[in-house]
Amino acid sequence: MTIKDIAKLSGVGVATVSRVLNDHPDVSEDTRRKVMAVVEAHSFQPNNNAKHLKQQNGAFIAIIVKGTMNMLFADLVERCQQLLQDEGRDAAVYYLDEDANEVAYALQLCRERKPLGILFLGGDLEFFQAEFQHITIPCVLLTNSARELSYPNLSSITTDDEEAAYQVVRFLAGQGHRSIGLLGGNWSCTQISYRRVRGCQRAFDELGLPFDAQRCEPCRYSFTDAYDTTKRLLRRCPDLTALFCLSDVMAMGAIRAIWDLGRRVPDDVSVVGYDGILLSQFSVPRLATVRQDTQKLAERGVDLLLRSLQRPRPPAHEVAPFQLIPGDSTVSPKSTTAS
């Protein structure tokens, strides 16, 4: 019996069976149970030796994903896999916790399975500064910029996070908001979130608004952490009229928390997210957000990596476009409307 047989009997795709057998998190519990029921009924044993032999021959691209709850990365993974498949390339996806050292993991991967190249989805530049010089294969970092690192085999494609966050604060201020909170991310200068925080600070400075630490809370990229952190933030700062969340996942966790505190979105608190994931356009209310161009990020990332595999070339560092989507989750604050 092969995984193709398992896929046919369980009514799912071969790729889904593979993700279940490799314990990837991006599979629903219902699907996982369905696949495992067939596996157990037929006493199926995956041929790990064959899988490892295939990967050790250097015939695959590794995709290392930083964070298991980031829905933007789920979209990017799917697009990258499809683009690589269209080019006849095999890809293996590895999910890490958002606090894990992705470069150390990549080094281990290079020693044990010898990928042709690596796509990093998200990354902490501190880890790259410390250890990336030991990686010699072509690599591309998506959603963070490696320009300042100057590694000859590391390209990067990112969104102008600072400018996007700057525009969000200007947008909220244009609606009349003066008490604006900030939620999410790790604010270390090597993290993606840092550039978004810096954009917010620039807008606050230009508008003459205080960048008050009491109104800002870092948190992980998850519904649960955003929910708990939003409750803590609003209890400390009940005067907040707007909340900028550094991801859509955080924004939806925040919206639930606001409602559970007896307040309404957007009437009492306006909310803006970041990423533009599909789910944000089906939330109630429809989420205002910064939409990152995942198609462009994936296309350029895959193209740069495959070109580097064909022949050595200088690294490229590019910026993908973004769009501020107004949505339905923001309005002018009550005090401004009343005046």
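Taking a 25 Å limit on the Cα-Cα distance, which of the listed pairs Lys34/Lys66; Lys4/Lys296; Lys66/Lys296; Lys8/Lys66 fall beyond it?
As for pairs spanning more than 25 Å Cα to Cα, those are Lys34/Lys66; Lys4/Lys296; Lys8/Lys66.
Distances between placed amide hydrogens fall under 5 Å for Leu243 paired with Gly181, Ser270, Val271, Val272, all partners being 5 or more residues away or on another chain.
About the centre of its Cα atoms, the chain shows a dipole size close to 300 debye [charges on the beta carbon of Lys, Arg (+1) and Asp, Glu (-1) only; nearest 20 debye].
What is the angle, in °, between the Cα long axis of helix 223-236 and the longest principal axis of the Cα atoms in the chain? Nearest 10 is fine, range 0 to 90. Taking the Cα atoms of the chain, the angle to 223-236 is about 20 degrees. Residues whose amide H comes within less than 5 Å of that of Gly117, counting only those at least five positions distant or on another chain, are Ala62 (H built at 1.01 Å from N in the peptide plane). Taking the Cα centre of segment 70-195 as reference, the dipole from Cβ charges on Lys and Arg (+1) and Asp and Glu (-1) amounts to some 140 debye. Between Tyr166, Thr136, Gly176, the Cα set farthest toward the positive side of the dipole of segment 94-204 (charges on each charged residue's Cβ, about the Cα centre) is that of Gly176.
Taking Cα centre as origin and charging only the Cβ of basic (Lys, Arg, +1) and acidic (Asp, Glu, -1) residues, the dipole magnitude of segment 181-339 rounds to 300 debye. Candidates Gln281, Ser332, Val319 compared by Cα position along the dipole of segment 251-339: farthest toward the positive end lies Val319, with charges placed on Cβ. You can think of it this way: the chain between Tyr105 and Gln45 has 19.0 nm of extra reach, that is 0.36 nm per residue less the Cα-Cα gap.
Extension gain for Glu78-Gln281 works out to 71.2 nm (0.36 nm per residue, less the C-alpha to C-alpha distance).
Segment 302-322 and segment 197-266 have Cα centres lying 36 Å from one another. Each residue of segment 258-267 was assigned a 3J(HN,Hα) from its phi angle through the Karplus curve 6.51 cos²θ - 1.76 cosθ + 1.60 (θ = phi - 60°); the sequence is 4, 5, 5, 8, x, 10, 10, 10, x, 4 Hz, with glycine and proline shown as x. Measuring nothing but protein heavy atoms, the accessible surface of segment 140-294 at 1.4 Å probe radius is 51 percent carbon and sulfur. Between the listed residues Gly208, Leu121, Gly11, the Cα displaced farthest toward the positive end of the dipole of the chain, a dipole computed from Cβ unit charges relative to the Cα centre, is found at Gly11. The residues of segment 174-263 expose, per residue, 40 Å² of accessible area to a 1.4 Å probe. Relative contact order for segment 217-336: 25 percent, from Cα pairs under 8 Å spaced at least 6 residues apart, divided by residue count. Of the peptides 99-109, 119-129, 195-205, the ranking by mean beta-carbon count within 10 Å, highest at the top, reads 119-129, 195-205, 99-109. A cut-off of 5 Å between modelled amide H atoms, ignoring neighbours fewer than 5 places along the same chain, links Val290 with Gly273, Tyr274, Asp275, Gly276, Ile325. Taking label points 7 Å from Cα along the Cα-to-Cβ direction, Ala130 and Thr224 give a separation of 2.6 nm. For the chain, the relative contact order is 16 percent, taking Cα pairs closer than 8 Å that sit 6 or more residues apart in sequence and dividing their mean separation by the residue count.
The values are calculated or read from the model by the stated rules, or taken from the named source; none is laboratory data. In this text, all values refer to a predicted model and were calculated from it rather than measured experimentally. Every residue, glycine among them, receives a Cβ derived from its backbone with ideal geometry; neighbour counts consider all protein chains shown. Accessible surface areas use protein heavy atoms only, side chains included; no ligands, DNA or RNA. Shrake-Rupley method; radii C 1.70, N 1.55, O 1.52, S 1.80 Å.
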